[in-house]
1. Exactly one of (1) at pLDDT below 95; (2) not in a loop (DSSP other than H, G, I, E, B) is unmet by Ile207. Its number?
2. Whether any residue in segment 332-346 is of a type in the set (Phe, Trp, Tyr), over 18 Å from Pro446 (Cα atoms) and in contact with a strand residue (DSSP E or B) (Cβ under 9 Å, 6 or more places away or on another chain) is what I want to check.
3. Is segment 133-151 home to any residue that is among the hydroxyl-bearing types (Ser, Thr, Tyr) and more than 30 Å from Gln276 (Cα to Cα)?
4. Touching a residue at least 12 places away in the same chain (Cβ under 8 Å) and part of a strand (DSSP E or B) - does that describe any residue in segment 342-351?
5. With respect to Leu236, determine if the residue is more than 30 Å from Glu65 (Cα to Cα) and either surrounded by fewer than 21 Cβ atoms within 10 Å (Cβ to Cβ) or out of contact with any Cys (no Cβ under 9 Å at 6 or more places or on another chain) (or both).
6. Would it be correct to say that Tyr336 is modelled with pLDDT of 95 or more, open to solvent by 30 Å² or more (accessible area, probe 1.4 Å) and either over 24 Å from Lys309 (Cα atoms) or not polar (S, T, N, Q) (or both)?
7. Between a residue in segment 59-87 that is at positive phi and any residue that is surrounded by fewer than 17 Cβ atoms within 10 Å (Cβ to Cβ), which pairs come within a Cβ distance under 7 Å, given they are 6 or more apart or on different chains?
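The values are calculated or read from the model by the stated rules, or taken from the named source; none is laboratory data. All values reported here derive from a predicted model rather than from experimental measurement. No Cβ is skipped: glycine too gets one built from the backbone with ideal geometry, and neighbour counts run over all protein chains shown. Surface accessibility is based on the protein's heavy atoms, side chains included, excluding ligands, DNA and RNA. Shrake-Rupley method; radii C 1.70, N 1.55, O 1.52, S 1.80 Å.
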Amino acid sequence: MARSASEKGYLPVRLSGRTGLLISAFIMLIFVGRSVLAATPVTTLATQQAEDDPNAQNIVIVNAELAGGSREVSVPLEAGGIRLEFILDAGEGIRLTLFNPLGRLHPLDEPNIVVKSAAGRRSILIFDPHPGEWRVRLEGTGRFTFRAIVQGELFICCGQIFTRSQVVAFERGRLVAGSRGQVQLFASGHAIESLDIRTVDAAGNTIAPVRFRQNDPSILSSYVLLFDVPDRPFRLLVDGRDLSGRPFQRLLPALITPVTSPTGADQSDQLDFNPQAIDELQRTTSTGRRQVVRSRIIDWSDEPLLTAKGNQIGMRIRYRIKFPVTDNYAAIPNLYPDRLGQAHTGALNLRVRQVSVTPLPAEMEQTGWLSNARGRYLADVEYQFVVDMIPYYAWWQGPENGYCIQSKPYIQPGNRERFDRDVGSQQRLRFRFSVNGSDLEGRIGPLTEKTYVPATWLRSLKLEGAGECSF
């Protein structure tokens, strides 16, 4: 007689959560009623994928040693985390105890938890974890490496070192202890309310705060650092609060070991920083928590863009906006079609044709329509933007030559057919809308109120005399 899965020692588990994640798996049927992680022989494909996932973000990395004592590690988790994993690389002399954001021992036998232990590595993988401050207690004797990693919407990544002549990946640069240079980080600024940056040692202890600022107030994702290289191995740590007000933390995983000041032949690979850039950053950066500079869209609307002949060739967007601080902004909209399909060419994304701003920033002497609207805007002043946008395949050559159609970028095999399908579509489309550096910038923008037919734009451009572009 055939035995059931549970009689064979396996338990079918259905994992689901608010993110819509649904996983069916078989795990070894074990009894784990407490939150102490010992050597439990459980292996799952899901755990291995989480550990190897290039999109996973490090919250904490601690390399340290215990001599019969204990250490507690805080693991702040923001809202929107899809899965959270705690990984301990250590011998049997180190024990891990997990506490949830309520301060209670977290049971490991819940259906959204996978436990693994093999070859000196023990881990707890939690799908759809609760946001808040998780805590891990490490006890025993011996060396260990502990990591907490998360996959979600919020990310910090891709450190780059800027020199006079090149851009070097942060983890590959030959950094000299005591030197000062320019570093850039990228972040999901649309999901972050505020942030701070500092250096920490291998054990997670703070070395020094880092001076930084938002690279451009119209770009939520880029941050520039005036970086003083420590005299010991270090990592970069970024913490702050997400848009819901919950704390988050991210750690660049590479442990950087600075070199002493190079001499002789060693000087050939020393990074050559731009002293003018360093001086400018000294004036404009600071240490401590910074609010993400984010402009506010008061209201907006969309309507068909008509030529003087009444031909519909694109979209006119109107929006009122306020800026939080006086600075230079390029508050330009981004629009792309919703639900066009995976194989679309991008030809129906919209580009700026002309811009009108009221009131006009003082340094913009010309009146009427502008080719772009980058300028110095005053804090808390309401500005009215009117932006005319045309499909990406169309090009304005000036009043003498009018419009032309750029189809040459789509001549690759198979691409031309997709291009013709996109621009000739009779489907009514709504477009996703956002504005650079605003509170509408994010992964998915709001939809336009009206619908637009791509074939109408193509037909209208041809009625306006648009032929193939010569460039």
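1. (1)
2. no
3. Looking for residues that are among the hydroxyl-bearing types (Ser, Thr, Tyr) and more than 30 Å from Gln276 (Cα to Cα), one finds at least one in segment 133-151, hence yes.
4. Yes, there is a match, as at least one residue in segment 342-351 is touching a residue at least 12 places away in the same chain (Cβ under 8 Å) and part of a strand (DSSP E or B).
5. Spelling it out, it is not the case that Leu236 is more than 30 Å from Glu65 (Cα to Cα) and either surrounded by fewer than 21 Cβ atoms within 10 Å (Cβ to Cβ) or out of contact with any Cys (no Cβ under 9 Å at 6 or more places or on another chain) (or both).
6. For Tyr336, the condition - modelled with pLDDT of 95 or more, open to solvent by 30 Å² or more (accessible area, probe 1.4 Å) and either over 24 Å from Lys309 (Cα atoms) or not polar (S, T, N, Q) (or both) - is not met.
7. Gly68/Thr141; Gly80/Glu153
So that you can scan it fast, the table gives a plain yes or no per residue for (1) under 30 Å from Tyr377 (Cα atoms); (2) open to solvent by 30 Å² or more (accessible area, probe 1.4 Å); (3) hydroxyl-bearing (Ser, Thr, Tyr):
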site	(1), (2), (3)
Cys404	no, no, no
Ser407	no, no, yes
Ile411	no, yes, no
Glu417	no, yes, no
Arg428	no, yes, no
Phe431	yes, no, no
Ser434	yes, no, yes
Ser438	yes, no, yes
